[in-house]
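The values are calculated or read from the model by the stated rules, or taken from the named source; none is laboratory data. All figures in this text were calculated on a predicted structure; none of them were measured in a lab. Don't worry about glycine lacking a Cβ; one is built from the backbone with ideal geometry, like all the others, and counts go over all protein chains shown.
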Amino acid sequence: MKIRVAAVGDIHLGEDIRGRYRQRLDGIEERADVLLIAGDLTRHGTPEEGRVVADELRDLPVPVVTVLGNHDYQSDAETEIVALLRDAGIQVLQDDSTVIDCKGTPLGVVGGKGFGGGFAGKCASEFGEPQMKSFIRHTREISELWHKALKGLDTEHRVVLSHYSPVKDTLAGEPLEIYPFLGSYLLAEAVDAEGADLFIHGHAHAGVEKGLTPGGVRVRNVALPVLRRAYAVYCLGGEEEGG
């Protein structure tokens, strides 16, 4: 049975647009079985913005799974934002997994915010100053957690949800100088090692929608400025994806 995955990222909600994004989700249950949000839910990561996000996504007719993005950490209130979202019935992944019942068909979702470092041949390494080691170690540890989470899923269909990108394909259009701050090949290594149907990310506002990991997993950049629509829909289970 096919699973229809709606996905978007970088919605950057605030009090001034309360209610307006919710309107754009009307009828989503007719087009999708689940909504995945790839981080940057807020503008400055304040609890007030977190409440707007929780209210906009509360009681949707499909399950909602999200991760945080870099903006959601800006005010050091990420723990409070996660609590607000979970109180609203929204699942928040933090380098772990969940299984969603999509009308009787289980969908495994693994994810977290991800992190940067760059891509094979042009990347930073865990060498030198403590600050550089810490930067790359953070991404490596995330990748290792995703390895474990994917390995622990016993579902036919699996999606990885991240804020940062696993490949440079979907970054085309962004300045080359900032590629190391938009994603890391280490995220792709985890997915290619364990397998997935789809990798969803955001963050790259000036990027493009479609790419592939070196192992052939479909990668989709669903940042709202890239999609230019409320969400995209991707079908799992052998059928062509739609938009």
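Some notes on this structure:
- Near pairs, Cβ below 6 angstrom, 6+ apart or cross-chain, from region 128-157 (of a type in the set (A, V, I, L, M, F, W, C) and part of a loop (DSSP other than H, G, I, E, B)) to any residue that is crowded, with 20+ Cβ neighbours inside 10 Å and modelled with pLDDT of 95 or more: LEU153/SER97; LEU153/GLY108
- The set of residues in region 64-117 being part of a strand (DSSP E or B) and over 18 Å from TRP146 (Cβ atoms) consists of VAL64, ASP101, CYS102, THR105, PRO106.
Every residue, every condition in (1) more than 25 Å from LEU153 (Cα to Cα); (2) in contact with a His (Cβ under 7 Å, 6 or more places away or on another chain), yes or no:
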{"site": "GLY69", "(1), (2)": "no, yes"}
{"site": "ALA77", "(1), (2)": "yes, no"}
{"site": "ARG86", "(1), (2)": "no, no"}
{"site": "ASP96", "(1), (2)": "no, no"}
{"site": "VAL109", "(1), (2)": "no, no"}
{"site": "LYS113", "(1), (2)": "no, yes"}
{"site": "PHE127", "(1), (2)": "yes, no"}
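- First in region 38-61 and more than 23 Å from LEU182 (Cα to Cα) and part of a helix (DSSP H, G or I), second anywhere and of a type in the set (Ser, Thr, Tyr) and at pLDDT below 95, Cβ under 7 Å, 6 or more apart: GLU56/TYR21
- The lone exception for ARG220 - which of (1) touching a helix residue (DSSP H, G or I) at 6+ places or on another chain (Cβ under 8 Å); (2) over 20 Å from LEU93 (Cβ atoms) it fails: (2)
- Qualifying residues in region 151-174 (those that are of a type in the set (S, T, N, Q) and within 17 Å of the chain's Cα centre (by Cα)) - the one nearest to GLY108 (Cα to Cα): SER162
- All positions within region 108-134 that are closer than 14 Å to SER184 by Cα and exposed (fewer than 13 other Cβ atoms within 10 Å of the Cβ): GLY121, LYS122, SER125
- The sole residue among LYS210, LYS168 that is at pLDDT 95 or above, surrounded by fewer than 16 Cβ atoms within 10 Å (Cβ to Cβ), touching a helix residue (DSSP H, G or I) at 6+ places or on another chain (Cβ under 8 Å) and among the basic types (Lys, Arg) is LYS210.
- Here CYS102 meets each of (1) at pLDDT 95 or above; (2) touching an Asp or Glu at 6+ places or on another chain (Cβ under 6 Å); (3) surrounded by 17 or more Cβ atoms within 10 Å (Cβ to Cβ); (4) not hydroxyl-bearing (Ser, Thr, Tyr) with one exception, condition (1).
- Residue match in region 218-225 (condition: modelled with pLDDT of 95 or more, of a type in the set (D, E, K, R) and surrounded by 17 or more Cβ atoms within 10 Å (Cβ to Cβ)): yes
- Only a single item in (1) buried (at least 19 other Cβ atoms within 10 Å of the Cβ); (2) over 18 Å from ALA7 (Cα atoms); (3) free of Cβ contacts under 8 Å to residues at least 60 places away in the same chain is not met by TYR185, and it is number (3).
- Residue in region 10-25 that is surrounded by fewer than 19 Cβ atoms within 10 Å (Cβ to Cβ), within 26 Å of GLY207 (Cβ to Cβ), of a type in the set (A, V, I, L, M) and modelled with pLDDT under 95 present: yes
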